[in-house]
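Engineer: Okay, here's the structure, questions in a sec.
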Amino acid sequence: MKNLAKFKDCFLYLTFIILIFVALFKQIQPRFISLIDLFNQIKTQNEVKASMDQQLMTAAAKVAQKKKLRMGNDMVKKIYTPLEGGTDTDSAFAVLLDDIIEIARKNHIKTHSIQSSDNPPEDIFIQKGEGKYNAQRLTLKVVSDYTDFEGFLRDLFSYNYLININELEIYPYEKNKRILLINLAITLYSAKGNASPEGKPAPEGEAPPNP
């Protein structure tokens with residue numbers, strides 16, 4: 001009888017411990033699952049960040065490669081010449097601005113702001129062009145994904161007239177690493193005076209190279 005009573009007491013203790021364990025597990029389980037989800041989200045974000053970093057490195061390498069390959073080609077790129085002479089900068093760059101806007105639209109580039117300055121004194125065409133050229137610096141803040149921005153740069157590089165890319169800063173968007181926040185400065189050029197609508201070639205040795 002004593003053994004049976006001891007066995008019964010042990011069984012009750014074991015049952016009590018199991019019940020406590022089950023109760024604790026039910027309380028801990030949601031937190032444990034949330035912790036696993038959090039670790040998975042962190043892992044996914046790290047993988048996305050690593051992918052974006054690799055894409056940005058690839059983009060930078062492509063820009064550097066294009067700059068090297070196009071050094072010679074830029075020397076013979078044509079400078080846009082307005083049909084009516086383009087003595088004032090607004091009319092001189094109207095066509096070029098329309099083309100840049102169309103290139104951005106075609107590649108789904110979202111433009112947040114555009115600022116312009118005419119004939120920046122540090123520009124080599126303004127310094128050494130003997131008053132033969134107008135220059136307009138555009139500073140843009142745009143939003144895009146990697147693929148669309150790559151297409152936008154490709155179209156700028158292949159544009160018929162000389163365009164100089166002065167600055168290019170790319171930042172992944174904090175909340176979505178697939179989205180790029182981009183600061184871009186480009187300079188457009190036009191020749192003064194009446195000329196053939198085909199434009200003039202850039203002066204040898206003076207054309208600022210595109211990246």
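Engineer: Return the pair list, or none, for Cβ contacts closer than 7 Å from residues in segment 99-123 that are in a helix (DSSP H, G or I) to residues that are of a type in the set (V, I, T), at least 6 apart or on different chains.
Structural biologist: Note: pairs meeting the criteria are A104/T111.
Engineer: Looking only at residues in segment 129-167 that are at negative phi and in a loop (DSSP other than H, G, I, E, B), which one is surrounded by the fewest Cβ atoms within 10 Å (Cβ to Cβ)?
Structural biologist: Within segment 129-167, the match that is surrounded by the fewest Cβ atoms within 10 Å (Cβ to Cβ) is S158.
Engineer: Within the set of pairs 6+ apart or on separate chains, which have a first residue in segment 76-95 that is within 11 Å of N134 (Cα to Cα), a second that is in a loop (DSSP other than H, G, I, E, B) and modelled with pLDDT of 75 or more, and C-beta atoms under 6 Å apart?
Structural biologist: If the second residue must be in a loop (DSSP other than H, G, I, E, B) and modelled with pLDDT of 75 or more, the pairs left are I79/L162; A92/P82.
Engineer: Let me ask another. Test Y171 against the stated conditions and say whether it is closer than 21 Å to H108 by Cα and in a loop (DSSP other than H, G, I, E, B).
Structural biologist: no
Engineer: May I pose another question? Please determine, by comparing only the residues of segment 87-109 that are over 16 Å from I163 (Cβ atoms) and surrounded by 13 or more Cβ atoms within 10 Å (Cβ to Cβ), which one is modelled with the highest pLDDT.
Structural biologist: H108
The values are calculated or read from the model by the stated rules, or taken from the named source; none is laboratory data. Remember, it's a predicted structure, so these values are computed and weren't measured experimentally. When we count neighbours, we look across all protein chains shown, and the Cβ atoms used for this are built from the backbone with ideal geometry, even at glycine.
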